[in-house]
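> Let me begin by handing over the structure; questions about it come next.
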Amino acid sequence: MQNTSDATTTLAKKISLEPNDSRRLAALVGPVDQNIKHLERRLGVSIRSRGNEFQLSGAPDVVQAAEALLHQLYRETVDGDVIEPDLVHLVLQQAGRDERVARGC
């Protein structure tokens with residue numbers, strides 16, 4: 001489901017992470033939502049979550065990147081792994097987002 005509030009600059013998108021597993025979701029978002037906040041700061045996107053549903057809003061390319069990164073990080077929780085800030089940082093670097101964010105794109 002996609003909504004656009006300003007078709008040229010802002011995209012709001014709702015995604016669901018499956019399966020709906022509260023243990024895995026807690027590992028993804030991190031203590032006090034630190035992993036989500038890290039993604040928001042680094043990507044310049046807004047992420048709101050309720051259970052396994054996430055609302056992403058920001059520039060269309062950044063929203064798409066955030067969606068892909070959330071899915072990737074969620075897959076990392078399959079074996080019960082906790083998502084540490086270092087892993088979030090590594091995933092962002094591997095996605096090539098750091099340079100683009102630093103340039104203000």
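> Just report the Cα centroid separation between region 46-86 and region 18-45, whole Å.
6
> Ok, one more. Over region 1-89, what per residue volume does the convex hull of the Cα atoms give, in whole Å³?
It comes to 82 Å³ per residue, whole-number rounded.
Each reported figure results from applying straightforward, stated rules to the coordinates on display, with no laboratory input. Note that the structure is a prediction, hence the values are computed from the model and not measured.
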